[in-house]
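**Student:** The following block contains the structure, expressed as structure tokens.
The values are calculated or read from the model by the stated rules, or taken from the named source; none is laboratory data. Small disclaimer: the values here were computed from a predicted structure and weren't measured. In this analysis, Cβ positions are derived from the backbone assuming ideal geometry, glycine residues included, and neighbour counts consider all displayed protein chains. What goes into the accessible areas is simple: the full protein's heavy atoms, side chains included, and nothing from ligands, DNA or RNA. Shrake-Rupley method; radii C 1.70, N 1.55, O 1.52, S 1.80 Å.
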Amino acid sequence: MFPSLGNGGYHVEHYGLTFDWVPDGNRLAATAVLTAKSTQRLTAFNLDLHGLDVRAVTVDGAPARYTRKGDELTVTPPVEIADGRAFTTTVVYDGVPDTIVDPDGSREGWMTTHDGAVALGEPAGGPGWFPGNHTQADKAAYDITVTVPDGLVAVSNGRLVEKTAAPEGKTAFHWRADEPMASYLAMLAIGHFDVSEGTIAGVPSYIAVDPQAASPETEAVPEILGTMIPWASDRFGPYPFGATGAVVVDMPDLEYSLETQTRPFFDGSPGGETVIHEMAHEWFGDLVTPGTWQDMWLNEGFATYAEWLWAEDHGGPTAAEAAAQTYAESPAEGQGMWAFPPADPGSPENVSRAPMYQRGALALQKVRAAVGDEVFFTILRTWLSEHRYGTVATADFTALCTRLSGQNLGPTVFEPWLFEDAKPEW
Ligand SMILES: [Zn+2]
């Protein structure tokens, strides 16, 4: 779907990313240190990087040759790397980072804001700000250090290890994300934020709010997190990360929020449903991640279903009622949520369209109706525990349903709701 994303031959275990950002001219100077392990003998390997100027590349400290073609940075180490070897690649680069526009018109990569900048990655924005193996199938730990002029705050994933004074009136923010993270879930936000630090539901929390996005809804975010995390831990399994929080930035033209790992990003004052949706992704999408964008419904169908479950458990309609209503209000065959089957979106402009969300959630309701509540929730919890910090495909889910229910749901649920073009009968 996004053929330039991801490379073979190695697995990245850790990214050490250092950025110095100058607002005047939106200039970025950066160093990326990738600690990786080869999965085959390597005479050369590729990293994904979009734009920017590469100044130097070293492998295990020795200068390496490199070439660039499109978004591929090909590195030739001075000495061939044997299979199964740990090696460290350092890329020094700078320039004015690009905003990346997807086939569906949405924007990601590096974006300037009214008083700072934001970097987001889903699905193809990662190469816009750091070189890496930008496939969600290769998760890694991250240290992200960002130096900005005094007064600005730089927020990223995980926990703030330290905030230190830097020369020339600057401040460095060092963030660490310990648990494995797909690169599209890495995030950076720079601005004049109001910050609240503390603990929410027993998890260290860091919430950064752009004063322009202040509102009663934004003020309610900590309370929603405080209710949502214990609820989801009970329903789905323990909260999987060592940090939580949120970033709220006034970006009226962005038109999406994102489940950036440990710290969801909101493009403005968020409604409660949006907070629930993005937080549900911390389990469905971040902890357990579809290995290809073809399987985006494993993200969005589950997060949409989690919204319905939340309502069911908090005095709203049941998920069955929400599903029935969604179906009743849905358009004719071939349109909207019926434009294509969720497990077969076909082309990259479809990965964030309605079939992935609503029709994916309807498929889950059909599974629940077929297997009963006890087995259904066992399926959800087993899905997350068996694949924790890993990647998955639709076939893994259908096989798990068969195994735990003892039923063949293919002809009654999976074929009509996930794989076939036609609008199924409710
Ligand atoms: Zn979502």
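**Student:** Ignoring solvent entirely, what values of log10 I(q)/I(0) come out of the Debye formula for the chain at 0.05, 0.14 Å⁻¹ when each Cα is a single scatterer?
**Tutor:** Normalising to I(0) and taking log10 leaves -0.17, -1.30.
**Student:** Find which of PRO211, THR112, GLY198 sits farthest along the positive direction of the dipole of segment 96-245, computed with +1 on the beta-carbon of Lys and Arg, -1 on that of Asp and Glu, about the Cα centre.
**Tutor:** Of the listed residues, the answer is GLY198.
**Student:** Then there's this: Counting every Cα pair in segment 315-378, what percent are over 16 Å apart?
**Tutor:** Of the Cα pairs, 50 percent sit more than 16 Å apart.
**Student:** Let me ask something else about it. If all Cα-Cα distances of segment 178-233 are sorted into 10 Å bins from 0 onward, what percent lands in each bin, rounded to whole numbers?
**Tutor:** Pair shares across the bins are 18, 42, 37, 2.
**Student:** Here is a follow-up. Calculate one ³J(HN,Hα) per residue across segment 197-214 by plugging θ = phi - 60° into the Karplus curve 6.51 cos²θ - 1.76 cosθ + 1.60, and present them in order as whole Hz with x for glycine and proline.
**Tutor:** 10, x, 10, 10, 6, x, 10, x, 10, 9, 10, 10, 10, 5, x, 5, 9, 5
**Student:** Around ALA36, with a cut-off of 10 angstrom between Cβ atoms, what is the net charge of the other residues, counting Lys and Arg +1 and Asp and Glu -1?
**Tutor:** Net charge around ALA36: 0.
**Student:** Which distance in Å, rounded to a whole number, links the C-alpha centroids of segment 404-426 and segment 239-282?
**Tutor:** The distance from the Cα centre of segment 404-426 to that of segment 239-282 comes to 32 Å.
**Student:** Counting only protein heavy atoms and using a 1.4 Å probe, what share of the accessible area of the chain belongs to carbon plus sulfur, as a whole percent? Working shown, then result.
**Tutor:** On the way: 7880 of 15920 Å².
C and S atoms contribute 50 percent here.
**Student:** What share of the DSSP beta bridges in the chain is antiparallel, in percent to the nearest 5?
**Tutor:** Details: 78 of 96 bridges.
Within the chain, antiparallel bridges account for around 80 percent of the total.
**Student:** Next up: Please express the Cα-Cα pair-distance distribution P(r) of segment 346-426 as a list of whole percents, one per 10 Å bin, running from 0 to the bin with the greatest distance.
**Tutor:** 16, 49, 31, 4
**Student:** Against the 2.2 N^0.38 Å scaling, with N counting residues, where does segment 100-169 land? I'd like the Cα-based Rg ratio to two decimal places.
**Tutor:** 1.29
**Student:** Suppose each label sits 7 Å from its Cα in the direction of the beta carbon; what would the GLN325-GLU273 distance come out to in nanometres?
**Tutor:** Here the modelled spin labels are 0.8 nm apart.
**Student:** Could I ask something else about it? Considering the zone a paramagnetic label at PHE377 would reach in this model (a point 7 Å from Cα along the Cα-to-Cβ line), which residues of segment 267-308 have amide N under 11 Å from it?
**Tutor:** none
**Student:** With a probe of 1.4 Å, find how much accessible area the chain has per residue, and write the answer as a whole number in Å².
**Tutor:** Here the per-residue accessible area is 37 Å².
**Student:** When the Kirkwood hydrodynamic radius is evaluated over all pairs of different C-alpha atoms of segment 193-283, what value in angstrom, to one decimal, is obtained?
**Tutor:** 12.9
**Student:** Okay, next question. Within segment 17-45, which residues have the backbone N less than 16 Å from the label spot 7 Å out from ARG85 along Cα→beta-carbon, could you tell me?
**Tutor:** Once the point is set 7 Å along Cα→Cβ of ARG85, 35-45 turn out to lie under 16 Å by backbone N, inside segment 17-45.
**Student:** Could you order peptides 157-164, 296-303, 187-194 by the average number of other Cβ atoms within 10 Å of their residues, highest first?
**Tutor:** Those peptides, ordered most packed to least, come out 296-303, 187-194, 157-164.
**Student:** Of the peptides 104-110, 337-343, how do they stack up when ordered by the mean number of other Cβ atoms within 10 Å, highest first?
**Tutor:** Descending packing order for the listed peptides: 337-343, 104-110.
**Student:** Let me ask something else. Over every pair of different alpha-carbon atoms in segment 290-419, take the mean of 1/r and invert it; report that Kirkwood radius in Å.
**Tutor:** Working: mean 1/r = 0.0674 Å⁻¹.
Averaging 1/r across every pair of different Cα atoms and inverting gives 14.8 Å.
**Student:** Then there's this: How would you order 382-392, 11-21 from highest to lowest mean count of nearby Cβ atoms within 10 Å?
**Tutor:** In decreasing order of mean packing, 382-392, 11-21 become 11-21, 382-392.
**Student:** Can you run the Rg to Rh ratio on segment 1-190? Use alpha carbon positions and the Kirkwood inverse-distance Rh.
**Tutor:** 0.95
**Student:** Under a point-charge model restricted to the Cβ atoms of Lys and Arg (+1) and Asp and Glu (-1), what is the dipole moment magnitude of the chain relative to its Cα centre, in debye to the nearest 20?
**Tutor:** Computed charge dipole of the chain: roughly 1320 debye.
**Student:** For the chain, build the charge dipole from Cβ charges (+1 Lys, Arg; -1 Asp, Glu) around the Cα centre, then report which of GLY8, PHE377, PHE173 sits farthest towards its positive end.
**Tutor:** Towards the positive end, the residue furthest out is GLY8.
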